[in-house]
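Q: Next up is a structure, given as C-alpha coordinates.
The values are calculated or read from the model by the stated rules, or taken from the named source; none is laboratory data. All figures in this text were calculated on a predicted structure; none of them were measured in a lab. Please note: Cβ atoms are built from the backbone with ideal geometry, for glycine as well, and neighbour counts cover all protein chains shown. Each accessible area value is taken on the protein alone, full model and side chains, heavy atoms only, with ligands, DNA and RNA left out. Shrake-Rupley method; radii C 1.70, N 1.55, O 1.52, S 1.80 Å.
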Amino acid sequence: MIRICMIGTGYVGLVSGACMADFGHRVTCVDILPERIAAIENGDMPFYEPGLDTLVAKNVDEERLDFTTDLAEGMREADVVFIAVQTPQSEGSGEADLQYVWEVGKQIGERLDGYKVIVTKSTVPVGTARKLRTIIAGSVQQPVEFDMASNPEFLREGSSIEDFMRPDRVVIGTESERAEKLMREIYRPLYLLDTPIVHCPRIETAELIKYASNSFLAVKISFINEIATLADKVGADVSQVAKAMGLDRRIGGKFLHAGLGYGGSCFPKDTHAICHIATAHDERMSIVEAAIAVNAELPARAVAKAREMLPTFGGQTVALLGLSFKPNTDDIRCAGSRQIVQTLLDEGATLRVHDPVAMDNFREVYPDLTYCKNAYEACQGADLAFLVTEWNQYRQLDFAHLGEIMRGRRFMDCRNVYSHRRADEFGFEYRSFGRPQTPAGVQT
Ligand code: UGA
(Lines give C-alpha, C1' and ligand atoms only; values in the text may rest on other atoms or scores of the structure.)
Protein backbone atom coordinates (compact mmCIF):
# COMPACT_ATOMS: atom_id res chain seq x y z
CA MET A 1 0.00 0.00 0.00
CA ILE A 2 1.36 3.39 -1.02
CA ARG A 3 0.23 6.61 0.63
CA ILE A 4 -0.73 9.11 -2.01
CA CYS A 5 -1.52 12.81 -1.98
CA MET A 6 -3.46 13.94 -5.08
CA ILE A 7 -3.47 17.71 -5.55
CA GLY A 8 -6.44 18.94 -7.59
CA THR A 9 -9.92 17.40 -7.69
CA GLY A 10 -10.65 18.22 -11.33
CA TYR A 11 -11.23 15.52 -13.85
CA VAL A 12 -7.77 13.96 -13.78
CA GLY A 13 -7.19 14.29 -10.03
CA LEU A 14 -10.52 13.00 -8.80
CA VAL A 15 -10.74 10.06 -11.20
CA SER A 16 -7.09 9.06 -10.67
CA GLY A 17 -7.36 9.49 -6.89
CA ALA A 18 -10.50 7.36 -6.64
CA CYS A 19 -9.06 4.67 -8.93
CA MET A 20 -5.74 4.52 -7.03
CA ALA A 21 -7.70 4.15 -3.78
CA ASP A 22 -9.61 1.32 -5.44
CA PHE A 23 -6.24 -0.32 -6.23
CA GLY A 24 -5.82 -0.50 -2.44
CA HIS A 25 -3.68 2.59 -1.80
CA ARG A 26 -4.40 5.24 0.81
CA VAL A 27 -5.28 8.45 -1.04
CA THR A 28 -5.92 11.98 0.19
CA CYS A 29 -7.24 14.40 -2.42
CA VAL A 30 -6.47 18.07 -1.81
CA ASP A 31 -8.19 21.07 -3.33
CA ILE A 32 -8.11 24.76 -2.42
CA LEU A 33 -11.86 25.12 -3.02
CA PRO A 34 -13.68 24.33 0.25
CA GLU A 35 -17.10 24.21 -1.46
CA ARG A 36 -15.83 21.65 -3.95
CA ILE A 37 -14.38 19.44 -1.21
CA ALA A 38 -17.62 19.73 0.80
CA ALA A 39 -19.71 18.80 -2.24
CA ILE A 40 -17.56 15.75 -3.06
CA GLU A 41 -17.72 14.62 0.57
CA ASN A 42 -21.48 14.94 0.21
CA GLY A 43 -21.48 12.69 -2.82
CA ASP A 44 -21.95 15.51 -5.40
CA MET A 45 -19.32 15.10 -8.09
CA PRO A 46 -18.11 18.38 -9.70
CA PHE A 47 -18.67 16.97 -13.21
CA TYR A 48 -20.59 14.14 -14.82
CA GLU A 49 -18.61 10.92 -15.17
CA PRO A 50 -20.37 7.54 -15.23
CA GLY A 51 -19.59 5.45 -12.13
CA LEU A 52 -17.45 8.05 -10.35
CA ASP A 53 -19.85 8.80 -7.48
CA THR A 54 -20.15 5.10 -6.63
CA LEU A 55 -16.38 4.56 -6.79
CA VAL A 56 -15.72 7.58 -4.55
CA ALA A 57 -18.38 6.52 -2.03
CA LYS A 58 -17.07 2.95 -1.89
CA ASN A 59 -13.47 4.01 -1.24
CA VAL A 60 -14.47 6.65 1.31
CA ASP A 61 -16.53 4.00 3.14
CA GLU A 62 -13.63 1.60 3.09
CA GLU A 63 -11.37 4.37 4.47
CA ARG A 64 -8.88 4.46 1.62
CA LEU A 65 -9.98 7.85 0.26
CA ASP A 66 -10.47 11.19 1.94
CA PHE A 67 -10.49 14.87 1.09
CA THR A 68 -9.02 18.04 2.54
CA THR A 69 -8.28 21.66 1.73
CA ASP A 70 -5.10 21.54 3.80
CA LEU A 71 -2.07 20.63 1.67
CA ALA A 72 0.15 20.04 4.72
CA GLU A 73 -2.35 17.50 6.03
CA GLY A 74 -2.63 15.84 2.63
CA MET A 75 1.15 15.58 2.25
CA ARG A 76 2.01 14.60 5.82
CA GLU A 77 2.08 10.84 5.40
CA ALA A 78 2.38 10.67 1.62
CA ASP A 79 5.05 8.66 -0.19
CA VAL A 80 4.00 10.09 -3.54
CA VAL A 81 2.48 13.50 -4.30
CA PHE A 82 0.64 13.87 -7.61
CA ILE A 83 0.04 17.27 -9.18
CA ALA A 84 -3.24 17.24 -11.09
CA VAL A 85 -4.16 20.92 -11.16
CA GLN A 86 -5.59 22.64 -14.21
CA THR A 87 -3.26 23.85 -16.98
CA PRO A 88 -5.52 26.08 -19.09
CA GLN A 89 -4.53 27.40 -22.49
CA SER A 90 -3.23 30.97 -22.30
CA GLU A 91 -5.36 33.53 -24.10
CA GLY A 92 -4.15 33.86 -27.68
CA SER A 93 -0.76 32.11 -27.65
CA GLY A 94 -1.81 28.44 -27.38
CA GLU A 95 0.83 28.01 -24.67
CA ALA A 96 -0.22 26.07 -21.54
CA ASP A 97 -0.69 28.40 -18.57
CA LEU A 98 1.32 26.83 -15.75
CA GLN A 99 0.69 29.34 -12.96
CA TYR A 100 -1.17 26.77 -10.83
CA VAL A 101 1.55 24.15 -11.30
CA TRP A 102 4.32 26.56 -10.22
CA GLU A 103 2.31 27.76 -7.24
CA VAL A 104 1.64 24.19 -6.10
CA GLY A 105 5.33 23.36 -6.59
CA LYS A 106 6.30 26.20 -4.28
CA GLN A 107 3.82 25.08 -1.66
CA ILE A 108 4.98 21.46 -1.87
CA GLY A 109 8.58 22.59 -1.34
CA GLU A 110 7.60 24.62 1.73
CA ARG A 111 5.91 21.56 3.27
CA LEU A 112 8.43 18.89 2.33
CA ASP A 113 9.77 17.22 5.49
CA GLY A 114 10.98 13.84 4.24
CA TYR A 115 11.57 11.84 1.03
CA LYS A 116 8.68 11.96 -1.42
CA VAL A 117 8.22 11.48 -5.15
CA ILE A 118 6.57 14.48 -6.79
CA VAL A 119 4.69 13.50 -9.93
CA THR A 120 3.15 15.61 -12.68
CA LYS A 121 -0.15 14.04 -13.75
CA SER A 122 -1.71 17.04 -15.50
CA THR A 123 -0.63 17.38 -19.13
CA VAL A 124 2.30 19.77 -18.95
CA PRO A 125 4.74 21.07 -21.56
CA VAL A 126 7.97 19.19 -22.08
CA GLY A 127 10.50 20.48 -19.57
CA THR A 128 7.98 21.24 -16.82
CA ALA A 129 9.06 18.50 -14.40
CA ARG A 130 12.66 19.62 -14.58
CA LYS A 131 11.70 23.24 -13.97
CA LEU A 132 9.40 22.19 -11.16
CA ARG A 133 12.28 20.41 -9.45
CA THR A 134 14.16 23.72 -9.30
CA ILE A 135 11.11 25.53 -7.90
CA ILE A 136 10.55 22.88 -5.22
CA ALA A 137 14.24 22.76 -4.34
CA GLY A 138 14.20 26.56 -4.06
CA SER A 139 11.36 26.59 -1.55
CA VAL A 140 12.28 23.72 0.82
CA GLN A 141 12.70 24.80 4.40
CA GLN A 142 15.21 22.11 5.38
CA PRO A 143 17.63 19.76 3.61
CA VAL A 144 15.37 17.03 2.25
CA GLU A 145 15.51 14.46 -0.53
CA PHE A 146 12.85 14.19 -3.22
CA ASP A 147 12.50 12.85 -6.76
CA MET A 148 10.49 13.99 -9.74
CA ALA A 149 8.40 11.83 -12.06
CA SER A 150 6.00 12.33 -14.93
CA ASN A 151 3.02 10.00 -15.20
CA PRO A 152 0.74 11.28 -17.97
CA GLU A 153 -2.89 10.17 -18.01
CA PHE A 154 -4.70 8.74 -21.02
CA LEU A 155 -8.26 8.90 -19.70
CA ARG A 156 -11.17 9.66 -21.96
CA GLU A 157 -14.05 11.64 -20.51
CA GLY A 158 -17.06 9.39 -20.17
CA SER A 159 -15.03 6.18 -19.86
CA SER A 160 -12.22 7.30 -17.61
CA ILE A 161 -12.68 4.70 -14.89
CA GLU A 162 -12.50 1.84 -17.37
CA ASP A 163 -9.50 3.54 -19.02
CA PHE A 164 -7.74 3.82 -15.66
CA MET A 165 -8.50 0.25 -14.63
CA ARG A 166 -7.62 -1.28 -18.02
CA PRO A 167 -5.10 1.01 -19.68
CA ASP A 168 -3.26 0.16 -22.91
CA ARG A 169 -0.07 1.28 -21.17
CA VAL A 170 1.27 3.19 -18.19
CA VAL A 171 4.01 5.72 -18.81
CA ILE A 172 6.44 6.58 -16.03
CA GLY A 173 9.17 9.11 -16.62
CA THR A 174 11.77 9.35 -13.89
CA GLU A 175 15.51 9.39 -13.58
CA SER A 176 15.48 7.85 -10.11
CA GLU A 177 15.32 4.10 -9.44
CA ARG A 178 13.75 4.71 -6.04
CA ALA A 179 10.96 6.76 -7.60
CA GLU A 180 10.48 4.22 -10.39
CA LYS A 181 10.01 1.46 -7.80
CA LEU A 182 7.36 3.43 -5.91
CA MET A 183 5.54 4.32 -9.12
CA ARG A 184 5.56 0.70 -10.31
CA GLU A 185 4.15 -0.31 -6.94
CA ILE A 186 1.18 2.06 -7.43
CA TYR A 187 0.29 0.31 -10.68
CA ARG A 188 1.09 -3.23 -9.46
CA PRO A 189 -2.59 -4.33 -9.64
CA LEU A 190 -2.31 -3.90 -13.42
CA TYR A 191 0.45 -6.53 -13.71
CA LEU A 192 -2.29 -9.16 -13.59
CA LEU A 193 -3.63 -7.70 -16.83
CA ASP A 194 -0.13 -7.67 -18.33
CA THR A 195 -0.37 -3.91 -18.84
CA PRO A 196 2.86 -2.65 -20.39
CA ILE A 197 4.67 -0.17 -18.14
CA VAL A 198 6.86 2.12 -20.21
CA HIS A 199 9.62 3.51 -18.05
CA CYS A 200 11.37 6.53 -19.52
CA PRO A 201 14.70 7.39 -17.89
CA ARG A 202 14.45 10.85 -19.53
CA ILE A 203 11.50 12.59 -17.93
CA GLU A 204 11.03 14.72 -21.07
CA THR A 205 10.23 11.54 -23.03
CA ALA A 206 7.20 10.82 -20.84
CA GLU A 207 6.03 14.42 -21.18
CA LEU A 208 6.32 14.26 -24.97
CA ILE A 209 4.53 10.89 -25.19
CA LYS A 210 1.32 12.52 -23.96
CA TYR A 211 1.38 15.33 -26.53
CA ALA A 212 2.45 12.99 -29.33
CA SER A 213 -0.38 10.55 -28.53
CA ASN A 214 -3.14 13.16 -28.37
CA SER A 215 -1.84 14.99 -31.43
CA PHE A 216 -1.63 11.77 -33.42
CA LEU A 217 -5.24 10.92 -32.58
CA ALA A 218 -6.30 14.44 -33.56
CA VAL A 219 -4.40 14.04 -36.85
CA LYS A 220 -6.17 10.72 -37.45
CA ILE A 221 -9.58 12.36 -36.94
CA SER A 222 -8.74 15.33 -39.17
CA PHE A 223 -7.33 13.00 -41.80
CA ILE A 224 -10.55 11.03 -42.08
CA ASN A 225 -12.55 14.27 -42.06
CA GLU A 226 -10.49 15.53 -44.99
CA ILE A 227 -11.12 12.22 -46.78
CA ALA A 228 -14.85 12.73 -46.03
CA THR A 229 -14.75 16.08 -47.80
CA LEU A 230 -13.18 14.44 -50.82
CA ALA A 231 -15.64 11.52 -50.62
CA ASP A 232 -18.49 14.04 -50.84
CA LYS A 233 -17.00 15.45 -54.03
CA VAL A 234 -16.21 12.15 -55.74
CA GLY A 235 -19.30 10.27 -54.61
CA ALA A 236 -17.56 7.77 -52.30
CA ASP A 237 -18.64 6.56 -48.85
CA VAL A 238 -16.17 7.59 -46.14
CA SER A 239 -17.52 5.03 -43.66
CA GLN A 240 -16.47 2.20 -45.94
CA VAL A 241 -13.17 3.88 -46.72
CA ALA A 242 -12.48 4.15 -42.96
CA LYS A 243 -13.54 0.60 -42.31
CA ALA A 244 -11.32 -0.83 -45.02
CA MET A 245 -8.39 1.38 -44.00
CA GLY A 246 -8.82 0.33 -40.38
CA LEU A 247 -8.66 -3.35 -41.23
CA ASP A 248 -5.02 -2.77 -42.10
CA ARG A 249 -3.47 -3.44 -38.71
CA ARG A 250 -0.76 -0.86 -39.38
CA ILE A 251 -3.51 1.79 -39.51
CA GLY A 252 -6.07 0.47 -36.99
CA GLY A 253 -9.79 1.19 -37.07
CA LYS A 254 -10.15 3.53 -34.09
CA PHE A 255 -10.49 7.30 -34.35
CA LEU A 256 -11.42 7.13 -38.00
CA HIS A 257 -15.00 8.23 -37.51
CA ALA A 258 -15.75 11.23 -39.72
CA GLY A 259 -18.13 13.96 -38.59
CA LEU A 260 -18.01 17.20 -36.67
CA GLY A 261 -14.42 16.64 -35.56
CA TYR A 262 -12.80 16.72 -32.15
CA GLY A 263 -13.72 19.01 -29.28
CA GLY A 264 -13.35 18.93 -25.51
CA SER A 265 -10.53 20.23 -23.43
CA CYS A 266 -7.76 17.83 -24.43
CA PHE A 267 -7.23 17.59 -28.17
CA PRO A 268 -7.83 21.29 -28.88
CA LYS A 269 -5.53 22.35 -26.03
CA ASP A 270 -2.80 19.77 -26.57
CA THR A 271 -2.55 20.23 -30.34
CA HIS A 272 -2.09 23.97 -29.87
CA ALA A 273 0.37 23.38 -27.03
CA ILE A 274 2.61 21.01 -29.03
CA CYS A 275 2.74 23.55 -31.86
CA HIS A 276 3.74 26.15 -29.33
CA ILE A 277 6.41 23.89 -27.82
CA ALA A 278 7.84 23.31 -31.30
CA THR A 279 7.87 27.03 -32.10
CA ALA A 280 9.69 27.73 -28.84
CA HIS A 281 12.39 25.34 -30.12
CA ASP A 282 12.48 26.88 -33.61
CA GLU A 283 10.62 23.96 -35.13
CA ARG A 284 7.16 23.50 -36.64
CA MET A 285 4.54 20.82 -36.21
CA SER A 286 3.13 21.28 -39.68
CA ILE A 287 1.05 18.08 -39.67
CA VAL A 288 -0.59 19.02 -36.38
CA GLU A 289 -1.13 22.57 -37.64
CA ALA A 290 -2.96 21.12 -40.64
CA ALA A 291 -5.09 18.90 -38.37
CA ILE A 292 -6.09 21.97 -36.33
CA ALA A 293 -7.04 23.85 -39.49
CA VAL A 294 -9.14 20.97 -40.86
CA ASN A 295 -10.93 20.55 -37.54
CA ALA A 296 -11.71 24.25 -37.22
CA GLU A 297 -13.68 24.23 -40.47
CA LEU A 298 -16.05 21.40 -39.62
CA PRO A 299 -18.88 23.21 -37.78
CA ALA A 300 -19.08 25.71 -40.65
CA ARG A 301 -19.20 22.78 -43.08
CA ALA A 302 -22.08 21.26 -41.13
CA VAL A 303 -23.96 24.56 -41.35
CA ALA A 304 -23.22 24.81 -45.09
CA LYS A 305 -24.62 21.30 -45.62
CA ALA A 306 -27.73 22.22 -43.65
CA ARG A 307 -28.08 25.30 -45.83
CA GLU A 308 -28.33 23.08 -48.89
CA MET A 309 -31.62 21.87 -47.37
CA LEU A 310 -32.78 25.14 -45.80
CA PRO A 311 -31.21 28.12 -47.57
CA THR A 312 -32.09 30.73 -44.91
CA PHE A 313 -32.22 30.12 -41.19
CA GLY A 314 -33.79 33.47 -40.27
CA GLY A 315 -37.32 32.96 -38.92
CA GLN A 316 -36.92 29.15 -39.00
CA THR A 317 -37.02 26.77 -36.05
CA VAL A 318 -34.00 24.51 -35.74
CA ALA A 319 -33.60 21.57 -33.33
CA LEU A 320 -30.20 20.58 -31.94
CA LEU A 321 -29.78 17.08 -30.52
CA GLY A 322 -26.68 16.94 -28.34
CA LEU A 323 -24.62 19.81 -26.96
CA SER A 324 -21.64 18.13 -25.25
CA PHE A 325 -18.45 17.63 -27.29
CA LYS A 326 -19.07 13.87 -27.23
CA PRO A 327 -21.46 11.44 -25.52
CA ASN A 328 -21.31 10.54 -21.82
CA THR A 329 -19.99 13.86 -20.64
CA ASP A 330 -21.45 17.24 -19.69
CA ASP A 331 -18.35 18.98 -21.05
CA ILE A 332 -19.14 21.64 -23.65
CA ARG A 333 -15.63 23.04 -24.01
CA CYS A 334 -14.76 23.46 -27.71
CA ALA A 335 -17.94 21.55 -28.58
CA GLY A 336 -18.99 21.86 -32.23
CA SER A 337 -22.50 22.66 -30.98
CA ARG A 338 -21.36 26.10 -29.86
CA GLN A 339 -20.29 27.34 -33.27
CA ILE A 340 -23.41 25.90 -34.91
CA VAL A 341 -25.67 27.56 -32.32
CA GLN A 342 -23.88 30.89 -32.68
CA THR A 343 -24.21 30.90 -36.47
CA LEU A 344 -27.89 29.96 -36.36
CA LEU A 345 -28.64 32.61 -33.74
CA ASP A 346 -26.73 35.27 -35.69
CA GLU A 347 -28.95 34.47 -38.67
CA GLY A 348 -32.13 34.76 -36.63
CA ALA A 349 -33.17 31.12 -36.17
CA THR A 350 -35.19 29.95 -33.16
CA LEU A 351 -33.38 27.09 -31.40
CA ARG A 352 -34.89 24.15 -29.57
CA VAL A 353 -32.18 22.01 -27.98
CA HIS A 354 -31.72 18.86 -25.94
CA ASP A 355 -28.83 17.05 -24.31
CA PRO A 356 -29.08 14.28 -21.69
CA VAL A 357 -26.60 15.94 -19.27
CA ALA A 358 -24.98 19.06 -20.73
CA MET A 359 -27.95 21.46 -20.77
CA ASP A 360 -27.10 23.14 -17.47
CA ASN A 361 -23.60 23.95 -18.68
CA PHE A 362 -24.90 25.15 -22.04
CA ARG A 363 -27.55 27.32 -20.42
CA GLU A 364 -24.79 29.31 -18.71
CA VAL A 365 -23.45 30.34 -22.12
CA TYR A 366 -26.76 30.50 -24.03
CA PRO A 367 -29.54 31.20 -21.51
CA ASP A 368 -32.19 32.07 -24.09
CA LEU A 369 -32.55 28.86 -26.12
CA THR A 370 -35.56 26.59 -25.65
CA TYR A 371 -34.24 23.70 -23.55
CA CYS A 372 -36.35 20.58 -24.07
CA LYS A 373 -36.87 17.41 -22.09
CA ASN A 374 -36.09 15.00 -24.91
CA ALA A 375 -35.21 14.78 -28.60
CA TYR A 376 -38.85 14.71 -29.72
CA GLU A 377 -39.80 17.81 -27.75
CA ALA A 378 -36.80 19.58 -29.33
CA CYS A 379 -37.92 18.54 -32.82
CA GLN A 380 -41.53 19.66 -32.28
CA GLY A 381 -42.37 22.15 -35.04
CA ALA A 382 -38.75 22.31 -36.26
CA ASP A 383 -37.90 23.03 -39.88
CA LEU A 384 -34.57 21.22 -39.57
CA ALA A 385 -32.84 19.01 -37.01
CA PHE A 386 -29.11 18.76 -36.35
CA LEU A 387 -27.82 15.59 -34.71
CA VAL A 388 -24.71 17.07 -33.06
CA THR A 389 -23.61 14.49 -30.45
CA GLU A 390 -24.10 10.77 -30.94
CA TRP A 391 -25.64 10.00 -27.54
CA ASN A 392 -27.22 6.52 -27.43
CA GLN A 393 -30.63 8.18 -26.98
CA TYR A 394 -30.35 9.63 -30.49
CA ARG A 395 -29.23 6.46 -32.26
CA GLN A 396 -32.68 4.92 -32.66
CA LEU A 397 -34.89 7.91 -33.37
CA ASP A 398 -38.40 7.16 -34.59
CA PHE A 399 -38.29 8.89 -37.99
CA ALA A 400 -41.97 8.24 -38.65
CA HIS A 401 -42.80 10.19 -35.49
CA LEU A 402 -40.24 12.90 -36.28
CA GLY A 403 -41.87 13.29 -39.69
CA GLU A 404 -45.22 13.93 -38.01
CA ILE A 405 -44.02 16.46 -35.42
CA MET A 406 -41.49 18.43 -37.48
CA ARG A 407 -42.60 21.28 -39.73
CA GLY A 408 -39.93 20.35 -42.29
CA ARG A 409 -38.40 16.93 -42.83
CA ARG A 410 -34.74 17.92 -42.91
CA PHE A 411 -32.01 16.14 -40.97
CA MET A 412 -28.36 17.18 -40.67
CA ASP A 413 -26.51 14.18 -39.25
CA CYS A 414 -23.19 15.58 -37.98
CA ARG A 415 -22.02 12.18 -36.71
CA ASN A 416 -22.96 9.84 -39.56
CA VAL A 417 -25.32 7.85 -37.35
CA TYR A 418 -28.09 7.31 -39.91
CA SER A 419 -28.16 6.62 -43.64
CA HIS A 420 -29.65 8.13 -46.77
CA ARG A 421 -31.73 4.99 -47.12
CA ARG A 422 -33.33 5.43 -43.67
CA ALA A 423 -33.99 9.13 -44.21
CA ASP A 424 -35.45 8.54 -47.69
CA GLU A 425 -37.79 5.89 -46.36
CA PHE A 426 -39.46 8.51 -44.18
CA GLY A 427 -39.36 11.32 -46.71
CA PHE A 428 -36.53 13.24 -45.07
CA GLU A 429 -33.94 15.37 -46.82
CA TYR A 430 -30.69 14.21 -45.28
CA ARG A 431 -27.03 15.26 -45.18
CA SER A 432 -24.05 13.74 -43.40
CA PHE A 433 -20.26 13.88 -43.81
CA GLY A 434 -18.69 12.02 -46.73
CA ARG A 435 -21.63 9.82 -47.64
CA PRO A 436 -23.34 11.33 -50.66
CA GLN A 437 -26.18 9.70 -52.53
CA THR A 438 -24.75 8.07 -55.59
CA PRO A 439 -25.84 9.43 -58.98
CA ALA A 440 -27.19 5.98 -59.88
CA GLY A 441 -29.69 6.25 -57.03
CA VAL A 442 -27.95 3.45 -55.14
CA GLN A 443 -28.12 4.72 -51.62
CA THR A 444 -25.62 4.38 -48.81
C1 UGA B 1 -8.63 12.38 -25.12
C2 UGA B 1 -7.80 11.10 -25.32
O3 UGA B 1 -8.55 10.11 -26.04
C4 UGA B 1 -7.38 10.51 -23.97
O5 UGA B 1 -6.52 9.38 -24.17
C6 UGA B 1 -6.62 11.60 -23.19
O7 UGA B 1 -6.22 11.14 -21.92
C8 UGA B 1 -7.52 12.79 -23.02
O9 UGA B 1 -7.90 13.29 -24.31
C10 UGA B 1 -6.74 13.84 -22.25
O11 UGA B 1 -5.73 14.32 -22.77
O12 UGA B 1 -7.03 14.09 -21.09
P13 UGA B 1 -11.22 12.91 -24.57
O14 UGA B 1 -10.90 14.31 -24.99
O15 UGA B 1 -11.96 12.67 -23.32
O16 UGA B 1 -9.86 12.03 -24.46
O17 UGA B 1 -12.13 12.29 -25.72
P18 UGA B 1 -11.99 11.29 -26.96
O19 UGA B 1 -12.87 10.13 -26.73
O20 UGA B 1 -10.57 11.00 -27.28
O21 UGA B 1 -12.65 12.16 -28.12
C22 UGA B 1 -12.11 13.43 -28.49
C23 UGA B 1 -12.92 14.05 -29.59
O24 UGA B 1 -12.68 13.40 -30.82
C25 UGA B 1 -14.43 14.03 -29.40
O26 UGA B 1 -14.95 15.29 -29.74
C27 UGA B 1 -14.91 12.97 -30.35
O28 UGA B 1 -16.22 13.20 -30.80
C29 UGA B 1 -13.90 13.13 -31.47
N30 UGA B 1 -13.72 11.92 -32.29
C31 UGA B 1 -13.20 10.79 -31.75
C32 UGA B 1 -14.06 11.95 -33.63
O33 UGA B 1 -14.53 12.96 -34.17
N34 UGA B 1 -13.86 10.83 -34.39
C35 UGA B 1 -13.34 9.69 -33.87
O36 UGA B 1 -13.18 8.71 -34.64
C37 UGA B 1 -13.01 9.66 -32.52
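Q: Between a first residue in segment 49-75 that is of a type in the set (K, R) and a second residue that is surrounded by 13 or more Cβ atoms within 10 Å (Cβ to Cβ) and not in a helix (DSSP H, G or I), which pairs have beta carbons less than 8 Å apart while being 6 or more apart in sequence or on different chains?
A: R64/G24; R64/H25; R64/R26; R64/V27
Q: Here's another thing I want to ask about it. Among the residues in segment 194-212, are any surrounded by fewer than 16 Cβ atoms within 10 Å (Cβ to Cβ), without any contact (Cβ under 8 Å) to a residue 60 or more places away in the chain and within 14 Å of the ligand (Cβ to nearest atom)?
A: The answer is no, given that none of the residues of segment 194-212 is surrounded by fewer than 16 Cβ atoms within 10 Å (Cβ to Cβ), without any contact (Cβ under 8 Å) to a residue 60 or more places away in the chain and within 14 Å of the ligand (Cβ to nearest atom).
Q: Which of the following residues is without any contact (Cβ under 8 Å) to a residue 24 or more places away in the chain and of a type outside the set (D, E, K, R): Y366, Y371?
A: Y371
Q: Sort out which residues of segment 296-312 are closer than 17 Å to K220 by Cα and either open to solvent by 20 Å² or more (accessible area, probe 1.4 Å) or more than 25 Å from the chain's Cα centre (by Cα) (or both), and write them in order of number. Walk me through it before giving the result.
A: Step one: list which residues in segment 296-312 are closer than 17 Å to K220 by Cα, which gives 296-298.
Residues satisfying the conditions are A296, E297.
Q: Next question. Restricting attention to segment 19-48, which residues are touching a Ser or Thr at 6+ places or on another chain (Cβ under 7 Å) and part of a strand (DSSP E or B)?
A: T28, C29, V30
Q: So which residues in segment 224-248 are of a type in the set (V, I, T) and open to solvent by 20 Å² or more (accessible area, probe 1.4 Å), if there are any at all?
A: Answer for segment 224-248, where residues must be of a type in the set (V, I, T) and open to solvent by 20 Å² or more (accessible area, probe 1.4 Å): I227, T229, V234, V241.
Q: If you scan segment 249-259, which residues turn out to be surrounded by fewer than 18 Cβ atoms within 10 Å (Cβ to Cβ) and within 16 Å of the ligand (Cβ to nearest atom)?
A: Of everything in segment 249-259, those that are surrounded by fewer than 18 Cβ atoms within 10 Å (Cβ to Cβ) and within 16 Å of the ligand (Cβ to nearest atom) turn out to be I251, G252, G253, K254, F255.
Q: Within segment 37-47, how many residues are in contact (Cβ under 8 Å) with a residue 12 or more places away in the chain and either among the β-branched types (V, I, T) or within 16 Å of G13 (Cβ to Cβ) (or both)?
A: Total meeting the criteria: 6.
Q: Which residue, of A228, A278, A242, is modelled with pLDDT of 95 or more, over 20 Å from P299 (Cα atoms), within 12 Å of the ligand (Cβ to nearest atom) and over 21 Å from the mean Cα position of the chain (by Cα)?
A: Sole residue among the options that is modelled with pLDDT of 95 or more, over 20 Å from P299 (Cα atoms), within 12 Å of the ligand (Cβ to nearest atom) and over 21 Å from the mean Cα position of the chain (by Cα): A242.
Q: Hand me the list of strands (runs of 3 or more DSSP E) wholly inside segment 339-444 holding 3 or more residues that are under 30 Å from V241 (Cβ atoms) and open to solvent by 60 Å² or more (accessible area, probe 1.4 Å). Give the derivation first.
A: Details: elements: 350-354, 384-387, 410-413, 429-431.
Hits in segment 339-444: none.
Q: Go through segment 229-327 and tell me which helices (runs of 4 or more DSSP H), entirely inside it, have 2 or more residues that are in contact with an Asp or Glu (Cβ under 7 Å, 6 or more places away or on another chain). If you could, list the steps in order and put the result at the bottom.
A: On the way: elements: 238-246, 266-280, 286-309.
The helices (runs of 4 or more DSSP H) meeting that bar are 266-280, 286-309.
Q: Collect the residues in segment 46-84 that are surrounded by 18 or more Cβ atoms within 10 Å (Cβ to Cβ) and closer than 23 Å to W391 by Cα, keeping them in residue-number order.
A: Residues satisfying the conditions are Y48, E49, L52.
Q: Now, a different point. When you check F426 against the structure, is it in contact with a Lys or Arg (Cβ under 9 Å, 6 or more places away or on another chain) and over 17 Å from G264 (Cα atoms), yes or no? Working first, answer last.
A: Details: in contact with a Lys or Arg (Cβ under 9 Å, 6 or more places away or on another chain): yes; over 17 Å from G264 (Cα atoms): yes.
When the stated conditions are applied, F426 passes them.
Q: Is segment 168-181 home to any residue that is open to solvent by less than 40 Å² (accessible area, probe 1.4 Å), touching a strand residue (DSSP E or B) at 6+ places or on another chain (Cβ under 8 Å) and within 14 Å of the ligand (Cβ to nearest atom)?
A: The answer is yes, given that some residue of segment 168-181 is open to solvent by less than 40 Å² (accessible area, probe 1.4 Å), touching a strand residue (DSSP E or B) at 6+ places or on another chain (Cβ under 8 Å) and within 14 Å of the ligand (Cβ to nearest atom).
Q: Here's a follow-up. Sort through R352, R363, R415, R410 and tell me the only one that's farther than 22 Å from M309 by Cα, of a type in the set (K, R) and modelled with pLDDT of 95 or more.
A: R363
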